[in-house]
1. Listed highest first by mean packing, meaning other Cβ atoms within 10 Å per residue, what order do 149-160, 256-267 come in?
2. Highest mean first, what order results for 244-253, 18-27 on Cβ atoms within 10 Å?
3. What is the packing order of peptides 189-199, 342-352, 328-338, taking the mean over residues of other C-beta atoms within 10 Å and listing the highest first?
4. Modelled label-to-label distance, residue 355 and residue 60, 7 Å Cα→beta-carbon offset: nm?
5. Rounded to whole Hz and in sequence order, give me ³J(HN,Hα) for region 149-165 from the Karplus expression 6.51 cos²θ - 1.76 cosθ + 1.60, θ = phi - 60°, writing x for Gly and Pro.
6. Determine the alpha carbon to alpha carbon distance for each of 183/237; 11/239; 11/72 and list only those over 31 Å.
7. Can you give the FRET efficiency for residue 268 and residue 70, using 1/(1 + (r/R0)^6), R0 = 41 Å, r = Cβ-Cβ distance, to the nearest 0.05?
8. Suppose R0 equals 30 Å; then what is the FRET efficiency for residue 220 and residue 175 from their Cβ-Cβ distance, rounded to the nearest 0.05?
Amino acid sequence: MFLLKFIKSPKARYILGLVFLLGVVLLWVGSSFLTSYLFQDQSFNRPFFLTYFNTGCFSLYLVIVYSTRLIKFFAGKKTTQVEDASSPLLMEQRTNPETSYVDHNKNDIEENVVESGKRTKKFTDLETAKLGLQFCILWFIANYASNLSYVYTSVASSTILSSTSGVFTLILGQFLKTEKFTKVKLLGVAVSLAGVVVIALLDSQSSDTSGENHSWKGDLIALLGSLFYGFYITFLKLKVDDELVDPQLFLGFVGLSNLIILIPIFPIVHYTGFEIFSFPPNGTIWGILFIGALLGTVLSDYLWLYSVMLTSPLVTTLGLSFTIPISIIGEIILHNVRPSVYYYIGAALVILGFFGVNSVAWRESRTESPSPSNDEDNLSQITAANK
C-alpha cells in the first residue's frame, strides 16, 4: 500500500491497522444486511453462488495490478524487481576468495531463514499465486459458512456467534507462536465471550422471528465459519508479511484460484439438490450483488488483510466483535427492534474485552523494532560480522 512507504513507526502502523479495522467493521455489517435482504426479502437463496461471485471479484485486483504494470512499461517506467544479491557476488567470487566466504555465510543465513519459517526476499508473482492457492479454500469455507448461516438465523445472531473466532485465534496462536500469551489477553477473550453469551441468550429469548431462523443448524454453521476464520487469520499472519507480499496480488490469486477450483462443485450442489443453480432474476439483485461484492468483499477484505498484518490476528478478530453493537443499531433502524438493557451490557462486555487485548498489543507494538527485510541489509550484517 502506498501509505506504508511513508509510515515506518510500529506505533503509527498499528494505529493505521486499527483505522482499517474500523472500516472493515462498517463494511461487513452493511454487507451482512445486504446478504440477509437477498436471502429473505428477494428470495434469492443462493449462498454458494453468492460466495463464489464475491470471491471471483477478488480477481479484479489482478486486472488492476497487471494493467498498471503495462501502463508503466509502455510509459517507459517499467517496474523494478528485487534483484538476486548473489549474482554480482558470483561474478566477484572468481577473482576474490574473500567474497566466496561472505557468499557462503550469506547462503547459510538464507537457509536458516527458511528453516525458521521466515524469509527476507519479496515473493515473486508465481510464489504469491501458490500462496493464494493455499489460502483460497480456507477463505471460501469461512465466508460460505457465514453466508449460509443467514439462511437460518438473523444478522445479529450470526454476528454474535462469529465473534467466538477470537477463542480459536488465541488457541491457534499459542501453538503457532503468532500470539504472545498473557493473562490480560486470556481475560479479554473471556470477557468478550461472556458478552457474546449474554447477547446470544437474550437474542434467542426475545427474538420475534420463526424458530427455524434460530435452529441449531444455523448456530452450528456460524460456529464452523468462525473456526475456519480463526484458521485463516492465524495462518495468514504466519505466512504473509506486508513487506514481502503484495496484498493486491495475493487477494487476486485467492479469487482466481477459487474461480477455477470451485467450478466443478456447481454441478454437484445442483444435482444433489443442495442448492439449485440459477442466475439473479432481475437487475436489482444483480446490482445488490455487485455493490456487496465490491464494498463488502473486495474493499473490506483488502483493508482487513492489512489490519491483520499491522496489528495481530487476535486484535483483529476481537476488533470485529464491534460488528455486534453496530448490527444491533442496524436492527433498530431497519427492523424496529428494541433490545433490552442487558443486550447493551453484553455489547459493552464484548467491547471491554477488545480493549483489554488491545492494550497489551499496543504495548507490544511500541517495543517492537523493525527488522531488515531485504538482501542488502542481510549482506551488511554478514560483512560486519566478518570484520
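1. On the way: 149-160: 25.2, 256-267: 15.5.
Highest-to-lowest ranking by the protection proxy: 149-160, 256-267.
2. Details: 244-253: 21.6, 18-27: 18.9.
Highest mean packing first, the order is 244-253, 18-27.
3. Working: 189-199: 21.0, 342-352: 18.8, 328-338: 14.2.
So the order, starting with the most tightly packed, is 189-199, 342-352, 328-338.
4. In this crude label model, residue 355 to residue 60 measures out at 3.7 nm.
5. 5, 5, 5, 10, 9, 7, 4, 5, 5, 5, 5, 4, 5, 5, 5, 5, 4
6. Result: 11/72 exceed 31 Å.
7. Working: r = 38 Å, r/R0 = 0.93.
With a Förster radius of 41 Å, E is 0.60.
8. On the way: r = 24 Å, r/R0 = 0.80.
So, using R0 = 30 Å, E works out to roughly 0.80.
Values in this text are rule-based calculations from the coordinates and carry no lab data. Since we're looking at a predicted model, the values are computed, not measured. In this analysis, Cβ positions are derived from the backbone assuming ideal geometry, glycine residues included, and neighbour counts consider all displayed protein chains.
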